[in-house]
1. Quick one: Cα centre-to-centre distance for the stretch 198-238 and the stretch 90-122, in angstrom?
2. Between Trp41 and Arg28, what is the spin-label point distance in nm, taking each point 7 Å from the Cα along the Cα→C-beta axis?
3. Before rounding to the nearest 500, sum -39500 (n - 2.57) across all DSSP H runs of length at least 4 in the chain and divide by the residue total; then give [θ] at 222 nm in deg cm²/dmol.
4. Using 0.36 nm per residue, how much length does the chain from His151 to Thr51 gain when fully extended, once their Cα-Cα distance is taken away?
5. Taking the alpha-carbon set of the stretch 23-117, what are its Rg and Dmax in Å?
6. Using a basic spin-label model with each label point 7 Å from the Cα along Cα→Cβ, how many nm lie between Asp143 and Asp212?
7. For the chain, just the Cα atoms, rotate onto the principal axes and tell me the three extents in Å, largest first.
8. Under a GNM of the chain (C-alpha, springs under 10 Å), which listed residue has the highest mean-square fluctuation: Thr178, Thr30, Thr216?
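Every number in this text was worked out from the coordinates using simple rules, so none of it is lab data. Since we're looking at a predicted model, the values are computed, not measured. Note: ideal-geometry Cβ built from the backbone for every residue, glycine included; neighbour counts use all protein chains shown.
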Amino acid sequence: MTEVTKTELTEDGKVIRKVRSFVRREGRLTKGQEQALNESWPTMGIDFEATELDWQQVFGNDNPVVLEIGFGMGASLVEMAKNAPEKNFVGIEVHTPGVGACLMAAREAGVSNLRVMCHDAVEVFEQMLPKDSLDTVQLFFPDPWHKKRHHKRRIVQLPFAEMVRDKLKVGGVFHMATDWENYAEHMIDVMEAAPHYQNVAQEGLYVPRPDDRPLTKFEQRGQRLGHGVWDIKYTRTA
Ligand SMILES: C[S@@+](CC[C@H](N)C(=O)[O-])C[C@H]1O[C@@H](n2cnc3c(N)ncnc32)[C@H](O)[C@@H]1O
């Protein structure tokens with residue numbers, strides 16, 4: 001386990017501690033993951049750099065872009081990409097073995113409408129994503145940070161929600177899912193506080209589980225343990 005917070009210096013040399021939503025747990029790459037990273041990164045990987053991306057250049061077309069934060073091992077992201085060839089998919093994950101596993105699955109499925117990044121999604125949003133450019137942002141089962149004193153590590157916070165909104169097109173959707181009720185309530189509180197978002201749910205605050213969201217390993221485990229799942233969708237209104 002390495003650091004959760006990172007120390008950075010401001011321009012005038014002041015030390016600031018940046019709160020991260022993840023703990024790096026590199027783990028070992030399997031042979032298959034390593035091979036997939038070596039072979040598929042040149043075509044499907046996007047390196048982190050402080051330059052704004054151009055989706056037309058990345059995908060060679062103007063299809064709608066769906067971006068997923070924290071795709072884990074990527075099985076559901078690959079399935080979504082395979083089921084919707086008329087859309088482009090981008091996945092961001094900090095866990096390198098997960099990125100390798102995703103590339104393995106992508107190759108097996110033969111998808112060409114998927115790109116992956118291996119970096120902190122918050123920094124990717126800040127530095128690389130063009131404004132008003134995404135059709136959908138997906139955040140499925142983000143680390144819940146159960147303890148109250150860790151709630152500040154939850155990725156869904158007001159500045160994050162506003163940053164996501166600014167990268168969505170007007171009419172675009174921010175789709176979240178969690179199996180932790182307290183996090184679901186926190187997500188709703190944050191989204192209600194962020195201007196220019198509207199809850200998509202017709203009745204109550206949550207949408208029914210959408211058929212196009214594949215069952216992830218994480219969700220399967222939750223189901224076995226008898227957990228509930230809360231799907232939340234907000235659309236950008238202005
Ligand atoms: C609880 S797992 C869920 C994985 C997957 N979405 C699923 O449903 O199986 C959360 C994932 O988010 C990733 N993650 C957390 N914070 C992140 C960040 N700031 N940028 C990119 N990935 C992040 C973690 O590495 C982890 O794989």
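1. 22 Å
2. Once both label points are built, they end up 1.9 nm from each other.
3. So the helix-based figure for the chain works out to -10000 deg cm²/dmol.
4. On the way: separation 100, 0.36 × 100 = 36.00 nm, distance 3.09 nm.
Gain on stretching His151 to Thr51: 32.9 nm.
5. 12.7, 37
6. 3.0 nm
7. 49, 44, 39
8. Thr30
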